[in-house]
1. Which value, in Å² rounded to 10, gives the accessible area of Tyr114 with a 1.4 Å probe and all protein chains present?
2. With only alpha-carbon pairs counted, each pair once and no self-pairs, how large is the Kirkwood hydrodynamic radius of segment 110-153 in angstroms?
3. Could you state, as a whole-number percent, how many of the C-alpha pairs of segment 50-153 are farther apart than 24 Å?
4. Highest mean first, how do 77-84, 103-110 rank when packing is the count of other Cβ atoms within 10 Å averaged over residues?
5. So how many Å³ per residue does the convex hull of the Cα atoms of segment 2-117 work out to?
6. Give me the percent of accessible area attributable to carbon and sulfur for segment 19-153, probe 1.4 angstrom.
7. In degrees from 0 to 90, rounded to the nearest 10, what is the angle of the helix 24-44 Cα long axis to the longest principal axis of the chain?
8. Using only Cα atoms, tell me the angle between helix 111-123 and the longest principal axis of the chain; keep it within 0 to 90° and round to the nearest 10.
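The values are calculated or read from the model by the stated rules, or taken from the named source; none is laboratory data. Values in this document were obtained by computation on a predicted structure and should not be read as measured data. Here Cβ is always computed from backbone atoms with ideal geometry, including for glycine, and neighbour counts include all displayed protein chains. For the accessible areas, the whole protein counts, side chains as well, though only heavy atoms, and no ligand, DNA or RNA atoms are used. Shrake-Rupley method; radii C 1.70, N 1.55, O 1.52, S 1.80 Å.
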Amino acid sequence: MTLAVSTRELTPQQVVSIEGHVLVGELGAFIARSLAQLRAFVAEQGGAIDGPPLGLYHGPINYQDDGPIEVCLPAEGAFRAEGEVRIRLLPGGPAVVAVASGEHAAFPKILEAYDAGYEWLERNGQQPVESPREVWLGDPQSDGPFEIAWRYA
């Protein structure tokens, strides 16, 4: 099956985030727990959610490797970092985006969406400039759709 791949200009966005090391079997629970904590953080500090949540995979997550993953929630507001929650600006710029849904929204088939984006980068002489973003347009525990975005320079 060929996955849909396109390019897009990402705009910079402020996120609140929590980072952790988890194996794939713990990933869903970690994402759900982190998003609940981030939503409460935004509400308590008078902010507003400003887009779908996403994960930044700073390393592989599978049955042996535990990432880390950074769970992010785009949010508007003037926040004060507390505990394990941090605030940062994700840079914008050109990105290749692969869409994963249905069976491709779950491990291990979702890796094909990562591969599709990375293969586009290689074919077009581009290099990723950051960890891939997994944007959860649907609930992270659903069958998507999710966008796998590789920002490049």
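1. 30
2. One over the average 1/r among Cα pairs gives 11.0 Å for segment 110-153.
3. 25
4. 103-110, 77-84
5. Expressed per residue, the convex hull around the Cα atoms of segment 2-117 is 107 Å³.
6. 51
7. So the inclination is approximately 40 degrees.
8. Long axis of 111-123 versus the principal axis of the chain: about 60 degrees.
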